[in-house]
Amino acid sequence: MRRIRTIVSGSSGNATLVEVDGRFVVIDVGCTLRALRAGLRDLGADLDDIAAILLTHEHYDHVKGLGPILRAARAEVYASEGTLASLDKTDKLPSEVRYRLLRAGHELDLPAADLGVLPFAVSHDAAEPLGFVFSHGEHRLGYMTDTGQVEADARRNLAGCGRVILESNYDPQMLRDGPYPYLLKMRIQGRQGHLSNFAAAELAHFLIEQGVEQITLAHLSRENNSPAQARRTFLQYLDNRSVDWSVEDNLTIAPRLQASATLVW
Ligand SMILES: [Zn+2]
Ligand SMILES: [Zn+2]
């Protein structure tokens, strides 16, 4: 059984469970140990079923549960050299955990989970941030949040996934008219910031043409977006181009503060 479930998603925290037959990979640990346990329990699992923990980058919303979760789970932790180095500088990495390096473009087996993972570079203001494509037999799952733009590499790697989790962070008008200070607005919409609803829809359109079946929008901003607005942009984008893909059936949105429904990939 191949399942996926986000535990939290957005600038106040990110953590996702990817399952193959009862073994789990955790993407990012921006949640409490308690929330992680609850997420696993709902899938009939516990901390011992975690085969590996993967980190996309070192921003607080992705690592805030790092210490307690790494100590409790005792699984190997995979991240880029840049991510590990910047976490190490802040003394946040428990020393008893085993760390392994991910390099963009280098596919790796996670034997404990019967999964392959291909990390790819994303465009974000962190040391060495990554997106992932997971594979199990023929099946592929893409995961990309925290990127200011869609790099050619990411586009190529995500094509061919059956399901993708994609950042859809902000609505440009809500960001422009919203409460954030000028510099923060610039950062978010910059090349190393976050992906807009429009950019996510554009990428989704391309991926749908490449055969993607299901899409989950993730990392939505609380101030500069809403699930309804993200869905509306998505729908309009595809409608305007007469794309034959059922948003109703195939698009889900990851809730910010609670676990998503359990999805199959
Ligand atoms: Zn983030
Ligand atoms: Zn970030």
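A short reminder: the numbers here are calculations on the coordinates, not readings from a lab. None of these values were measured; they are calculated from a predicted model. Ideal geometry is used to build each Cβ from the backbone, glycine not excepted, and the neighbour counts take in all protein chains shown.
A few comments on the model shown:
- Distance histogram for the range 167-223 (every C-alpha pair counted, 5 angstrom bins, percent rounded to whole numbers): 4, 19, 27, 21, 13, 9, 5, 2
- Set against the 2.2 N^0.38 Å expectation for a compact globular protein, the range 82-153 has a Cα radius of gyration ratio of 1.22.
- Among Gln214, Gln236, Gln189, the residue with the largest mean-square fluctuation in a Gaussian network model of the chain, with springs joining Cα atoms closer than 10 Å, is Gln236.
- The range 49-94 and the range 101-133 have Cα centres spaced 14 Å apart.
- Were the residues from Leu235 through Tyr180 laid out at 0.36 nm apart, the gain over their Cα-Cα distance would be 17.1 nm.
- Here is the list for the range 66-96: GluC sites (Glu not before Pro) lying in DSSP coil, each with at most 16 other C-beta atoms within 10 angstrom of its C-beta, are Glu96.
- Projected-area average for the chain over all orientations - Cα convex hull basis, square nanometres: 12.8
- Here the ratio of the Cα radius of gyration of the range 54-113 to 2.2 N^0.38 Å is 1.09.
- Sparse-neighbourhood loop sites, trypsin sites (Lys or Arg not before Pro) in the range 46-127 - DSSP loop, at most 16 other Cβ within 10 angstrom: Arg74, Lys92, Arg98, Arg103
- Qualifying trypsin sites (Lys or Arg not before Pro) for the range 176-223 [loop in DSSP, other Cβ within 10 Å: at most 12]: Arg191, Arg222
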